[in-house]
Amino acid sequence: MLTGIALKIASTLFFSGMLALVKYYSAYPVAELVFFRSSFALIPLMFWLLARGNFPRALHTKNLGGHLIRSLAGVGSMSLMFAAYSFLPFADVTAIGYAGPLLIVVFSALLLRETVTGSRWAAVMIGFAGVLVMLWEHLGGHADPRASIGALCAFFAAVLVSIAMIQTRRLTRTEDTGAIVFYFQTSTTLASLLLMLAAEAWPDTAPFAGAIQSQAWVWPTMADWWPLIALGLLGGIGQIFMTQSYRFADASIIACFDYTSMIWALAIGLLFFHEAPTDIALVGATIIASGGLLAIYAERAAKKPS
């Protein structure tokens, strides 16, 4: 179990670095950021499989439909999350995203039939109180409309990511990590590429012209190429670590350690974006994290021999 926890914490660090680049370069279309994130993430995957002597054997699959479900949920969550970073402070998006781990606990019980103890259910209830605090700040009567859009994007991204993680847990029962990551990254690359091609050809008079045409490819400047490529490399490494973590511990346990990402989010927000979190954001994040830590403590206490 400790191996799974260590891999999960490492993945949150790599993903936080990736998301910092997403926020910094949010002037580029979301589809283009998703394309860089997915296509260049294939590079560390290939090196990892070659180092294991497991390429191309690891890409064999007997469950293409399962990979499709995971990919659809993943590309939706990634797109919504990337969009949220253009509207909200870094730490706020991270905190609202904590609804994902809470939903994973619920779905783990309902869909995976994992045993979820009373302490974990308590964490869900406490955590959702914190999520409501975060959402109220951005959806209340006097909220900035842009912040409201960002908060909704972040929340629904969390819903989709919980579905993606549950499907990942299912796939790890029969599929190699390399296959899970490869089919997700490839599907997301193709989906973002198709959207950018559609945006180029979309007529001005067609429905949703403004929204779709805004996703057309924008050529990066020379200075931006390397950071955008790094975005994909960091995401690829984080994806491998995250997927591997589900092999060593229950999804509902791994989900608790998503809270470590708040440490990185606060540091990145302050150091690189000069964003000091509001008091409400800190209260909401503290409530959510406290619920998770309480569940972990109670779970370990229950397993100690009497």
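Checking each residue in the range 63-96 for being within 13 Å of M134 (Cβ to Cβ) and either surrounded by 22 or more Cβ atoms within 10 Å (Cβ to Cβ) or basic (K, R) (or both) picks out A84, L88, A91, D92, V93, T94, A95, I96. If the requirement is being aliphatic (A, V, I, L, M) and crowded, with 16+ Cβ neighbours inside 10 Å, which of these qualifies: L139, L197, L152? Being aliphatic (A, V, I, L, M) and crowded, with 16+ Cβ neighbours inside 10 Å holds for just one of L139, L197, L152, which is L152.
Looking only at residues in the range 222-241 that are closer than 30 Å to V124 by Cα and modelled with pLDDT of 85 or more, the one that is surrounded by the fewest Cβ atoms within 10 Å (Cβ to Cβ) is F241. Candidates are the residues of the range 200-218 that are assigned to a loop (DSSP other than H, G, I, E, B) and among the polar types (S, T, N, Q); the one that is surrounded by the fewest Cβ atoms within 10 Å (Cβ to Cβ) is T205. Within the range 1-19, the only residue that satisfies the criterion of being small (G, A, S), crowded, with 21+ Cβ neighbours inside 10 Å and under 15 Å from A267 (Cβ atoms) is S16.
Restricting attention to the range 245-263 and to residues that are surrounded by 21 or more Cβ atoms within 10 Å (Cβ to Cβ) and farther than 13 Å from T168 by Cα, the residue that is modelled with the highest pLDDT turns out to be S261. If you take the residues in the range 72-112 that are outside any helix (DSSP H, G or I) and farther than 21 Å from Y28 by Cα, which one is modelled with the highest pLDDT? Among residues in the range 72-112 that are outside any helix (DSSP H, G or I) and farther than 21 Å from Y28 by Cα, the one modelled with the highest pLDDT is G97. Kindly indicate whether A123 is assigned to a loop (DSSP other than H, G, I, E, B) and out of contact with any strand residue (DSSP E or B) (no Cβ under 7 Å at 6 or more places or on another chain). No: the conditions fail for A123. Listed conditions (1) over 29 Å from W217 (Cα atoms); (2) assigned to a helix (DSSP H, G or I) are all met by F35, apart from (1).
The values are calculated or read from the model by the stated rules, or taken from the named source; none is laboratory data. Just so it is clear, the structure is predicted and the values come from calculations on it, not from any experiment. Ideal geometry is used to build each Cβ from the backbone, glycine not excepted, and the neighbour counts take in all protein chains shown.
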